[in-house]
Amino acid sequence: MIEDIKKDAKARMGKSVEALGHEFAKIRTGRAHPSLLDHIMVSYYGSDVPVNQVANVSAEDARTLAVTPWEQNMVAVVDKAIRNSDLGLNPSVAGNVIRVPLPPLTEERRRDMIRIVRQEAEGARVAVRNIRRDAIHGMKDLAKDKMISEDEERRAEDMVQTLTDEHVKKVDQLLEEKEKDLMAI
């Protein structure tokens with residue numbers, strides 16, 4: 001029972017850290033990266049799908065993304081979706097290829113993004129701590145029902161705390177890497 005609670009907590013904490021990594025991938029740095037457009041949805045035959053399922057997205061150079069839709073009629077739809085996204089990008093269409101130039105980041109914009117990144121990281125830390133709280137609550141319930149001893153409960157809580165510390169450390173490492181990435185010119 002203790003193992004089940006620990007495995008569940010570890011899996012959920014891992015998912016929180018992974019989700020933070022995905023959120024960080026959406027926040028752009030000065031470089032063009034195909035994952036920048038992953039969250040943009042396009043209407044494709046009546047259903048919304050990510051851009052990367054209707055087009056090939058590649059980095060043409062350090063500041064330009066090339067989006068090549070697989071169907072000619074999707075060029076205008078993909079172009080409109082990129083323009084309407086929250087990324088503030090201004091794509092240009094050249095035949096079947098949509099080129100998305102990334103403007104250089106200003107110092108002020110970099111600071112704003114660092115603030116956003118720190119908020120995301122704090123949200124991930126809170127999520128990890130909430131998972132710890134749930135796990136410890138589960139241990140206390142087991143002890144209250146006399147299914148485990150107080151010593152086992154204390155050891156299990158220490159293990160959950162160790163897991164929490166590891167995952168918070170991973171969050172901090174991701175944050176540090178992203179901040180360095182954002183401040184690099």
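Taken together, the values in this text are just the output of simple stated rules run on the coordinates, not laboratory data. Since this is a predicted model, take the numbers as computed values, not measurements. Every residue, glycine among them, receives a Cβ derived from its backbone with ideal geometry; neighbour counts consider all protein chains shown.
With contributions of -39500 (n - 2.57) from each DSSP H run of at least four residues, the per-residue ellipticity at 222 nm computed over the chain stands at -20500 deg cm²/dmol. Positive-end ranking of Met183, Asn52, Ala135 along the dipole of the chain, with charges on Cβ about the Cα centre, is headed by Met183. Applying the Karplus relation 6.51 cos²θ - 1.76 cosθ + 1.60 with θ = phi - 60° to region 101-114 yields 3J(HN,Hα) values of x, 9, x, x, 7, 7, 4, 5, 5, 4, 4, 4, 5, 5 Hz, where x marks Gly and Pro. Taking amide H as placed 1.01 Å from N in the peptide plane, Tyr44 has its amide H under 5 Å from the amide H of Val49, each at least 5 places away in sequence or on another chain.
Report, to the nearest 10°, how far helix 75-84 tilts away from the longest principal axis of the Cα atoms in the chain, using its own Cα long axis and a range of 0 to 90°. The two axes meet at around 60 degrees.
Using only alpha carbon pairs under 8 Å that are at least six residues apart, calculate the relative contact order of the chain and give it in whole percent. Let's see the in-between values first.
Numbers: 218 pairs, mean separation 47.2, N = 185.
With pairs under 8 Å counted, the relative contact order is 26 percent.
For Asn56, the residues 5 or more places off, or on other chains, whose built amide H falls under 5 Å of its own are Thr68, Trp70.
About the Cα centre of region 34-101, what is the dipole size in debye to 20, counting +1 per Lys and Arg Cβ and -1 per Asp and Glu Cβ, all else neutral? Each step should come with its number before you reach the end.
On the way: 4 positive and 7 negative charges, 31 e Å.
It comes to approximately 140 debye.
3J(HN,Hα) couplings calculated from phi for region 41-47 with the Karplus curve 6.51 cos²θ - 1.76 cosθ + 1.60 (θ = phi - 60°) are, in sequence order, 9, 10, 6, 10, 6, x, 10 Hz; Gly and Pro show x. Pairs of Lys residues in the chain are counted when their Cα atoms are under 19 angstrom apart and they lie 8 or more places apart or on different chains; the count is 25.
For Kirkwood radius over Cα pairs in Å, the value calculated from this model appears in [x] 17.2; [y] 19.1; [z] 15.5 under label [y]. Coupling constants for region 7-18 follow from the phi torsions by the Karplus curve (6.51 cos²θ - 1.76 cosθ + 1.60, θ = phi - 60°), and in residue order they are 4, 4, 4, 5, 5, 5, 5, x, 5, 5, 5, 5 Hz; glycine and proline get x.
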